[in-house]
Structure formats: structure tokens, C-alpha cells
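The next block holds one structure in the form of C-alpha cells; read it before the comments.
Laboratory data are not the source of any read-out in this text; all were calculated from the coordinates shown. Quick caveat, the model's predicted, so the values are computed rather than measured. Counting neighbours? That spans all protein chains shown, and the Cβs are built from the backbone with ideal geometry, glycine included.
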Amino acid sequence: MTQVSPPPDGGGRQGVSTVPLYPRDDADELRRALLTLRRGTGLPVAFGGLVQAGGPPRMTITELAGTTTGALRGLAIQAGAGLGGKALALGLPLRVDDYPVARSISHEYDAPVSAEGLRSVVAVPVVVHREVRAVVYGAVRQRLLLGDRLVATAADVARDLERRLVHRDAARAALTTLRAAPDRAQGRPAGPEWEQVRQAHAELRGLLRRIDDPELRDRLDAVADRLAGAVARPDRPASAGVLSPRETDVLACVALGCTNADVAGQLGLRPETVKSYLRSAMRKLGAHTRLEVVVAARRAGLLP
């Protein structure tokens, strides 16, 4: 299983975790979506693949669920070709009720489809940042009218996969920024790049509450904590570590100059709730203003 780990840098850097951060890669997320598709639609067969980065749009079918042969595995799908290739090219969900004789698609892949015995098929693209990132298929081995409700259910599965990939991409981007930043813990000066670290830290804190994968969330939480702790001073106050995760999330945004309304939008909270968390953090850290509480949190190693 592919896992994303920090690149080697001669022994690792303090403040950034050196353990694998992604217990499930994108292909595993796709497999999870296929199981959800089968349960949600009742279709016995599901399969799909991720679109290859770079070059003309194309994908390879790598994930199978409910198949009885290996005919579809490794099948390279070109944009516009067959049902899935057409869904890839148009970015729209498509269906055929009798694949072998369907006139709405081309038939480059009839042989492997026939080998698996598939007749009625739906193909749904997974669109991330306006680009098709994957295509998921559901199929049955007899001619069946695939209704709008079934297609809508398949589209919901694709949207859920899209959301998971977006969160994973954002976490990767935040971690990339953290790794590229100067290491303050090693005595390197903090300049404009350090503000990028703080921005990435705040984004990471916000993402943690949106990630469903508990193992991934815990690992990213540990990265955020280690990054903040890397800049803690020797005279770290006894109050360090007393903030709740949500109070830390709020302070990470406040430290960037966000208003309470901005923080509420970022974290999916009400402005009144943000005020409550902020007041609580001030009380715990002995601060009276927004600036004081941010300074106190940084001194305590709770923020970078």
C-alpha cells in the first residue's frame, strides 16, 4: 500500500512527523467508494480507476469489486472512448441499459466487458478542482433500466469521494508547506516564509475537523502539535497544553489576523461559538486581548 512520508533530508526535521501520514492512499479511497456504490445502488459489480496526471486525459481500471474475471483489470481507458471514456471527457454521469448494442457510445472495450458478462452500466466521473480525478462504474449482468434515482445515488458516492480527495490534497499541500519552511527549532531565522508555516498550520487545524479517517486525523493532529511545540521556549509556562483542540483551532486562525466571522467560516462554527472559545483561551492563558492570547499561545508552544 502506498503511503506518503516526508522526503529524506539527512535525519529528519524537528517539528514535522517522520512517520507515514496517509494510512490509505487515493486508490484505497477509491476502493472504499466502490463498496459504498455497491451497497447504495444494489448493483453487484463496481470498478474504477484514477485519472493519470499529465498528458491527455486517460485512466486505467485498477480497482474491482464483485467481478468474476480479471478482464477489466488494467484496462486503459482513453478520453471519449466507451462509456467511461465519454464520462471522463464530458465530466458527466452516463449510463447504458444494454452495453453491447448501445448507440450512444463507441465500442473499443466490448471484448473485456463481454468477458465479464456486463450489460447495464453506469459511469460517474469524480471531479476535483474542475478536473476529472477518477471514474467509478456500477454494473449488472442483465439488461436493466437504470433509473434516475440509481444514477443520483452513484453521483452522491462520487461527490463523497471528491470531498475525501479534496481534504487529502489540502492536507498534503499544508504539509508540503511545512516541510519547505525554515526550521526555527534549529535556530534558523524566521522571515516571511515562517508566516507560510503559520498559514499552513491554521489550515491544517481547520482540516482536521473535516477528515473522517480517524487514523489520518490523529496523525495530522500530531504533526500540527509537533510543529507548534518545535518553537516552544525553555520557559514554557505551566498553562501549556491546557487548551482544547477547538480553542487551539480558533487561536490558529486568530493569529493570522482573521476576524471572528472569518474564523467561523473557516471552522464551520457560529461567530458566538468562536467568541466563547476565544474567551476561554484568554482566561486559561491569562490574556486580555487577541494579541496577548496569540503571544501567550506561541510562548507556550501551542502555535508556531
Cβ-based net charge around residue 103, under 14 Å, with every Lys or Arg adding one and every Asp or Glu removing one: -1
Env charge @ residue 49, Cβ radius under 14 Å, K,R +1 / D,E -1, value -1
Karplus-derived 3J(HN,Hα), 6.51/-1.76/1.60, for each residue of the range 86-103, Hz, glycine and proline x: 6, 5, 5, 5, 8, x, 10, x, 9, 8, 9, 8, 8, 3, x, 10, 5, 8
Per-residue HN-Hα couplings for the range 71-85 [Karplus 6.51, -1.76, 1.60; θ = phi - 60°; Hz; x = Gly/Pro]: 4, 8, 5, x, 5, 8, 10, 8, 4, x, 9, x, 5, x, x
Quick query: amide H of residue 60 versus all other amide H atoms, modeled in the peptide plane; which residues come in under 5 Å with a sequence gap of 5 or more or a different chain? 50, 52, 77
If amide hydrogens are placed 1.01 Å from N in the peptide plane, which non-local residues have theirs closer than 5 Å to the one on residue 136? 124, 126
Any chance you could run the full-extension gain for residue 259 through residue 58? It's 0.36 nm times the residue separation minus the Cα-Cα distance, nm to one decimal. 68.0 nm
Taking Lys and Arg as +1 and Asp and Glu as -1, residues besides residue 40 with C-beta under 13 Å from its C-beta add up to +3
